[in-house]
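Engineer: For reference, the structure I am asking about is given below.
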Amino acid sequence: MPLFQQKTITKYSSSSFEEKIDSIAIEVPLEIRLGFGPETEREQKSISVTMRTPGNDEELALGFLITEGIINRAEDLLSIKHCVKVKEEEKNNIIRAELKPEIKVDWAKLDRHFYTTSSCGVCGKSSIDAVRNNCLLPIKSQHIISPSTILKLSDQLNDSQLVFNLTGGIHASALFNSQGKILMIREDVGRHNALDKIIGASCIDNNLPLHQNILLLSGRISFELVQKSAVAGIPIIAAFGAPSSLAIELAEEMNISLVGFLKKDKFNIYSGKDRIQ
């Protein structure tokens, strides 16, 4: 499936209107289904629907399963692939992950996704506990980097954002090594999807946990992105935007270094400043 489409738009500039062809990022739903149970009594359950940019769907689904604590490694699956016996409009938009028969599912871990659909939001400690992954452990990595390493991340991301450079309407997550060299980039209309793709690809390559890596986000830093990073073992997160209060709180608890408002010559450190020397 294509990542973007061409559309005729009307542009207003210098007191005049002009019709132009513009590139628009594609956004379509992906349903993730889980196959589970004994070999003789296999069952199927839909566990998530996310709006995403097509591409790297297996990585996205695998990263989701890892960060939600449903599985611990790629070897817990028999297969992960798109469903083929579906309606035409559902083609390439439904993916099924087949658990090995011995893998048990804790369905309570998926209940927290109901909170994300609430338009009024949630508050209070009980609600926060409901949306966090209870399997998180503080990251013990003593990985140290220099300020100059952080400052050179942004140019590499900008040069690698192919779909963003065409559309201007997509998020990116990029993984770097300890020397600040870009290793992988994934783009998606959903910032959490882009990170799930990074984590899924790392799982496929058997590179988890990512204790020696740096994550760069193209937007702001939310609680959910810090949580997913903690599951993947990422010790340093940098972003062009700001972190939320809960993101900082969780980063401090998980011993993650959090860098925001990254520019060409400056940035803010919100937690874990001892890693940046």
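Engineer: How many residues does region 8-32 contain that are surrounded by fewer than 10 Cβ atoms within 10 Å (Cβ to Cβ) and aliphatic (A, V, I, L, M)?
Structural biologist: The qualifying residues number 1.
Engineer: Report yes if Glu68 is buried (at least 18 other Cβ atoms within 10 Å of the Cβ) and closer than 17 Å to Leu99 by Cβ, otherwise no.
Structural biologist: Criteria met by Glu68.
Engineer: Within region 195-277, which strands (runs of 3 or more DSSP E) (wholly inside it) include 3 or more residues that are at positive phi and buried (at least 24 other Cβ atoms within 10 Å of the Cβ)?
Structural biologist: On the way: elements: 214-217, 236-239, 257-260, 268-271.
Ranges flagged: none.
Matching residues to (1) modelled with pLDDT under 95; (2) under 23 Å from Ile26 (Cα atoms); (3) surrounded by 14 or more Cβ atoms within 10 Å (Cβ to Cβ):
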| residue | (1), (2), (3) |
| --- | --- |
| Phe64 | yes, yes, yes |
| Ala74 | yes, no, yes |
| Asn92 | yes, yes, yes |
| Ala97 | no, no, yes |
| Lys109 | yes, no, yes |
| Arg112 | yes, no, yes |
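Engineer: Looking at region 66-85, is at least one residue farther than 25 Å from Leu136 by Cα and among the small types (Gly, Ala, Ser)?
Structural biologist: Checked against the condition, which is being farther than 25 Å from Leu136 by Cα and among the small types (Gly, Ala, Ser), region 66-85 yields at least one hit.
Engineer: Go through region 224-254 and give me each residue that's without any contact (Cβ under 8 Å) to a residue 40 or more places away in the chain and either out of contact with any helix residue (DSSP H, G or I) (no Cβ under 7 Å at 6 or more places or on another chain) or within 13 Å of Pro138 (Cβ to Cβ) (or both).
Structural biologist: Hits for region 224-254 are Val226, Ser229, Ala239, Gly241, Ala242, Pro243, Ser245, Ile248, Glu249, Ala251, Glu252.
Engineer: Shifting gears a bit: Out of the residues in region 42-57 meeting the condition of being of a type outside the set (Val, Ile, Thr) and part of a loop (DSSP other than H, G, I, E, B), tell me which one is surrounded by the fewest Cβ atoms within 10 Å (Cβ to Cβ).
Structural biologist: Here is the first cut: in region 42-57, the ones of a type outside the set (Val, Ile, Thr) are 42-46, 48, 51-52, 54-57.
Subset that is part of a loop (DSSP other than H, G, I, E, B): 42, 54-56.
Numbers: Arg42: 12, Pro54: 16, Gly55: 16, Asn56: 21.
If we take residues in region 42-57 being of a type outside the set (Val, Ile, Thr) and part of a loop (DSSP other than H, G, I, E, B), then Arg42 is surrounded by the fewest Cβ atoms within 10 Å (Cβ to Cβ).
Engineer: Now for a separate question. For region 255-265, enumerate the residues that are more than 30 Å from Asn72 (Cβ to Cβ) and free of Cβ contacts under 8 Å to residues at least 24 places away in the same chain.
Structural biologist: Within region 255-265, Phe261 is the sole residue that qualifies.
Engineer: Residue under question is Glu27, and the condition is that it be at pLDDT below 90 and closer than 17 Å to Ser202 by Cβ; does it hold?
Structural biologist: Judged against the criteria, Glu27 is not a match.
The values are calculated or read from the model by the stated rules, or taken from the named source; none is laboratory data. None of the values given here were measured: they were computed from a predicted structure. Glycine also receives a Cβ, built like all others from the backbone with ideal geometry; neighbour counts cover every protein chain displayed.
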